[in-house]
1. What 222 nm value per residue comes from the helices of the protein assembly as shown, counting each DSSP H run with n ≥ 4 as -39,500 (n - 2.57) and dividing by all residues, nearest 500 deg cm²/dmol?
2. Under a GNM of chain A (C-alpha, springs under 10 Å), which listed residue has the highest mean-square fluctuation: A:L44, A:L36, A:L73?
3. Using θ = phi - 60° and the Karplus curve 6.51 cos²θ - 1.76 cosθ + 1.60, what whole-Hz ³J(HN,Hα) does each residue of the range B:138-143 get, with Gly and Pro shown as x?
4. With +1 on each Lys and Arg Cβ and -1 on each Asp and Glu Cβ, how big is the dipole of the protein assembly as shown about its Cα centre, in debye rounded to the nearest 20?
5. If you plug each phi of the range A:205-211 into the Karplus form 6.51 cos²θ - 1.76 cosθ + 1.60 with θ = phi - 60°, what whole-Hz ³J(HN,Hα) values come out, in order, with x for Gly and Pro?
6. Take the alpha carbon atoms of the range A:275-290, find their center, do the same for the range B:184-231, and report the distance between the two centers in whole angstrom.
7. Of the candidates B:G94, B:G42, B:G119, which one comes out as most mobile in a Gaussian network treatment of chain B with C-alpha springs shorter than 10 Å?
8. Do the alpha carbons of any pairs in B:K32/B:K198; B:K177/B:K198; A:K185/A:K299; A:K299/B:K32; A:K89/A:K185 sit beyond 20 Å of each other, and which pairs?
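Derivation of every value follows stated rules applied to the coordinates shown; laboratory data play no part. In this text the structure is predicted, and so the values were computed from the model without any measurement. Every residue, glycine among them, receives a Cβ derived from its backbone with ideal geometry; neighbour counts consider all protein chains shown.
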Amino acid sequence: MTITGEIRSSKRRSGPPRLKITSLEVLCGILVLALLFQSRLVDLLDVPKLRTASTVFVAICVQAMPFLVLGVLISGAIAAFVPASALRKLLPSKTALAVPVAGVAGVALPGCECASVPVARRLMQQGVAPAVALTFLLAAPAVNPIVLVATAVAFNDTPMMVVARFVGSLLTAMVMGWLWVRFGKMEWIAERALARLHDHDGTSRWAVFAESARHDLVDAGGFLVLGGLFAATFKTFIPVAWMQTISGQIVLGVLVMAFLAVILALCSEADAFVAVAFSALPLLPRLVFLVVGPAVDVKLIALQAGAFGKSFAFRFAPATFVVAILCAVATGVVLL
Amino acid sequence: MRRETQNILLVLLGGALLKISFSGLYLRYVQKGLLPLLIAAGAIMIGLALFAIIRDIRRGKAVDDGHSHSSRSTWLMLLPVLAVFLISPPALGGEVVSSSVDTNQTQRSRNLLGDLPSGEVIPLSMTEFVTRTAWDESGTLDNRRVKLTGFLARAEGDTFVARLAIACCAADARPLKVKLVGDVPALPNEQWVEVTGKVVPKSASEKNSWVPSFTVESTTPVAQPVEPYES
């Protein structure tokens with residue numbers, strides 16, 4: 001996003017040694033201030049709404065961190081141990097054919113959406129076509145077994161919901177992949193996202209693994225927190241009670257549920273339980289909720305903006321939103 | 001942001017995860033099955049940071065890895081750290097109950113549970129109690145003395161005992177409510193209680209969003225349970 005770090009470090013090297021305020025001093029300053037004003041801070045947050053928001057914020061961060069860590073570990077492992085040539089051999093050479101393969105490969109990543117962003121970026125860096133990596137990015141959080149089992153448990157009286165979710169999400173991921181093949185432009189993706197890692201001569205593979213994972217974690221962690229901040233705010237301050245009153249209007253229901261999926265940013269392993277609770281709505285809007293949620297939500301947009309750049313995220317997210325709604329509706333009409 | 005600062009942030013964040021894991025506070029935020037993952041995540045974060053720190057010390061300087069374009073967003077990682085160590089947000093409670101839709105009906109799609117245990121007073125989870133009142137039409141709970149644990153919530157002149165259920169984390173919390181009648185306790189809202197009494201047969205219906213009524217015989221104020229949510 002900025003190159004402050006580089007400018008600073010180059011200045012540091014060229015200039016004469018003198019006392020400079022770096023991020024390290026800033027961090028210490030913040031920590032000291034926070035400790036000094038701790039009780040003031042606690043009092044400030046002692047309002048029911050703010051208390052709820054802060055709990056939800058911590059909950060989202062805490063819940064998502066293990067999956068982000070899983071994602072950066074896989075990403076680091078790909079960087080260190082999987083040569084680009086192996087990936088090329090694994091995937092069909094024609095991108096349009098590799099897209100469905102990547103979609104189905106999403107079954108193998110048991111986690112929610114936070115895990116798939118660093119993995120997809122690493123795949124791109126290793127020379128996998130962006131369309132293929134993006135299909136994987138969209139499919140993985142929605143079609144893996146853990147999510148499907150959770151959906152089956154939540155909707156145990158309508159098993160078709162599981163099938164519909166699987167098909168709808170896979171369709172969304174593949175359509176987005178094919179759209180990227182046709183319309184996608186490489187310049188939308190920030191350069192740094194595609195920069196290959198330097199071949200560290202003499203660096204052991206384990207060091208490459210650890211450094212890549214650490215780097216991805218630092219890169220994505222802040223954006224995850226940003227997404228959590230947005231989601232906690234929306235969740236606390238947007239009343240959902242009126243949702244029960246739109247049961248009759250199917251079009252409105254679909255749009256509102258799609259919108260809710262974006263702002264609530266629920267983990268894909270939990271969203272089915274929330275969807276069940278909207279029992280006044282027919283199944284179709286609830287399916288839309290389940291298909292849109294893992295593909296595009298505020299947490300994911302923040303992570304994507306961090307990993308691939310703003311100009312990518314602000315094109316990709318709205319497109320995914322529309323495609324996901326259409327795919328979910330089409331699947332729902334056929335299957336439910 | 002300097003590499004050293006990033007490493008400190010990682011250690012702090014990993015430390016925050018370990019702190020809530022070992023102190024049991026994580027139960028305010030996520031369901032208990034996540035514990036091993038939380039510990040692993042915290043340990044790995046600290047491990048990755050330590051690995052980088054040790055590597056830097058060995059070389060005598062921070063490794064310039066050529067892609068230190070880390071953005072300002074990394075600073076945000078400090079927020080959950082400060083929240084956990086300084087504020088330690090409480091478990092969700094009455095505010096969620098009053099601002100969400102009634103979700104008792106979700107229990108209608110759950111599988112029927114086994115036979116009730118025998119005994120004079122049967123301790124039941126709110127989930128099981130609500131499931132039985134909403135789903136089970138054979139009236140297994142009628143005339144059985146039951147003990148429920150939850151916190152008090154009031155709305156429109158009625159008093160409820162409520163408990164939140166979560167599937168994954170507190171962001172997906174949904175309230176389960178039981179309306180109290182009979183010897184309704186005069187304790188303040190959000191006070192955790194154990195209420196003993198009997199269900200009012202057939203009191204849960206579609207009209208009242210499957211919120212059953214419960215005739216209270218006795219109430220004991222209790223401390224908030226270690227596990228504030230049911231799952």
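1. -18500 deg cm²/dmol
2. Taking springs between Cα atoms under 10 Å, the residue moving most is A:L36.
3. Going residue by residue, I get 7, x, 5, 8, 4, 6 Hz, with x marking Gly and Pro.
4. Computed charge dipole of the protein assembly as shown: roughly 1880 debye.
5. These are the phi-based 3J(HN,Hα) values: 4, 5, 5, 4, 4, 5, 5 Hz.
6. Between the Cα centre of the range A:275-290 and that of the range B:184-231, the gap is 28 Å.
7. The residue with the greatest mean-square fluctuation here is B:G119.
8. B:K32/B:K198; A:K185/A:K299; A:K299/B:K32; A:K89/A:K185
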